[in-house]
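The values are calculated or read from the model by the stated rules, or taken from the named source; none is laboratory data. Since the structure is predicted, the reported quantities are computational estimates derived from the model, not experimental observations. Positions of Cβ are backbone-derived with ideal geometry, glycine not excepted, and every protein chain shown enters the neighbour counts. With ligands, DNA and RNA removed, areas are computed over all heavy atoms of the protein, side chains included. Shrake-Rupley method; radii C 1.70, N 1.55, O 1.52, S 1.80 Å.
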Amino acid sequence: MKKIYFTLLFALVALNTMSQSAQNVLETARKANNYFMAKYADPTIPTMVKKVRPSNLWTRGIYYEGLMALYDIDKNERYTEYTDKWAYFHNWSPRNGIKTTDADDECCGQTYVARYFQTGSKDIAKISAIKENLDHQIATGKTNYWTWIDAIQMAMPLYAQIYKVTGDRKYIDYAMNSYRWTRNECGGGLLNKKTGFWWRDKDFVPPYKEQDGHDCYWSRGNGWVYAALVRVMSQLDKNDKYYKELKKDFIIMSKAFASCQRKDGLWNVSMVSPATFGGKELTGTSLFLYGISWGIRNGILKANVYRQICDKAWTALEKDCVHEDGFLGYVQGTGKEPKDSQPVSYTSVPDFEDFGTGCFLLGASEYYKLIRHK
């Protein structure tokens, strides 16, 4: 009887500890988001980094992806009011109009479709401009627009979402053909199939090397692709042939990323070349946390191998990056390679704060689900 009592007591303590830990993750995510929403209280105001840009540019689109992930675990109507004010201001349209073929312009559409799903609305106005934009791009007959790996995250999930809305396979077919072109043909193929790492664009494939002789694998760039696979597979049935195809890439990427996590739990800006602009970095780390947590929850990655990677990553993000007021340190600003926007430090302010917060919220929200429900 005594043995049963202590067993139950231990189980209750463990459950309570897990619950407190999940609550802590949520509170930290709220703190980071509250900082951002307070600083950028009016979401319609253009960004003014070197020049004026409308607030539906890609950096803000990434923030809203993170905010929607936070809303999924924290049903605060303040988040949706903030989102809808932004979306209505931009007429639920891509940046630069429906004839754009730039993935960066289309990124905002992922949040428009997310709101369409969340509200259960039949208000086609929320997605009509986005659908028209994708139809226009498909009609060009070209699948070679995604010449940089960031584009996979900016646009590919949007095609999967519209496929989910319409049931029309042409959207997911086009997305997969575009993905394969970037993966296998652009610059000779931007995925190193032997290692599982991605080169950012054709300028970084061999013979390009970092100063220490290693290949250049940029943390956030690899994180963009990883997040995109999560967001696309989430829209597909597990028996779908495309799910199975992407799952194979997801697994080899997971192994690659796990192999180069820093001892402190973060990832370097330059993933396999820390001597050349290495150092702690939040956005790549957050995207890896997002993907690995999702992979464990969906039975793709083994918890006994990958859970500790997530735990280390979150501990480091919370301890080393999150300021008391919610400001996020170690965020590399915009760029395309490890040397850009340096130095990256605890107190450095990136040129754009929005996408860093979005990446952090994606990682925090998915990690919350992992520890809350496992």
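Key figures for this structure:
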item: The stretch 204-239, subset within 20 Å of P274 (Cα to Cα) and of a type in the set (D, E, K, R), residue most open to solvent (accessible area, probe 1.4 Å); result: K209
item: Filter result for the condition that a residue is outside any loop (DSSP other than H, G, I, E, B), over 21 Å from A227 (Cα atoms) and open to solvent by 20 Å² or more (accessible area, probe 1.4 Å), over K339, K369, K312, K319; result: K319
item: Residue match in the stretch 163-185 (condition: of a type in the set (S, T, N, Q), in contact (Cβ under 8 Å) with a residue 24 or more places away in the chain and touching a strand residue (DSSP E or B) at 6+ places or on another chain (Cβ under 9 Å)); result: yes
item: Failed item in (1) surrounded by 22 or more Cβ atoms within 10 Å (Cβ to Cβ); (2) touching a helix residue (DSSP H, G or I) at 6+ places or on another chain (Cβ under 9 Å), with F277 passing the rest; result: (2)
item: Residue match in the stretch 139-147 (condition: without any contact (Cβ under 8 Å) to a residue 12 or more places away in the chain and among the polar types (S, T, N, Q)); result: no
item: Selection count, the stretch 261-270, where residues are in contact with a strand residue (DSSP E or B) (Cβ under 7 Å, 6 or more places away or on another chain), open to solvent by less than 40 Å² (accessible area, probe 1.4 Å), part of a loop (DSSP other than H, G, I, E, B) and under 21 Å from I296 (Cβ atoms); result: 2
item: Condition met for A41 (closer than 22 Å to L361 by Cα, at pLDDT 95 or above, open to solvent by less than 60 Å² (accessible area, probe 1.4 Å) and not β-branched (V, I, T)); result: no
item: Selected residue (only one of I130, I98 is assigned to a helix (DSSP H, G or I) and β-branched (V, I, T)); result: I130
item: Residue count for the stretch 280-296, restricted to those that are part of a helix (DSSP H, G or I), of a type outside the set (V, I, T) and open to solvent by less than 10 Å² (accessible area, probe 1.4 Å); result: 9
item: So E324, is it open to solvent by less than 50 Å² (accessible area, probe 1.4 Å), modelled with pLDDT of 95 or more, within 30 Å of T44 (Cα to Cα) and acidic (D, E); result: no
item: Number of the exception - W181 against (1) on the phi < 0 side of the Ramachandran plot; (2) open to solvent by less than 40 Å² (accessible area, probe 1.4 Å); result: (2)
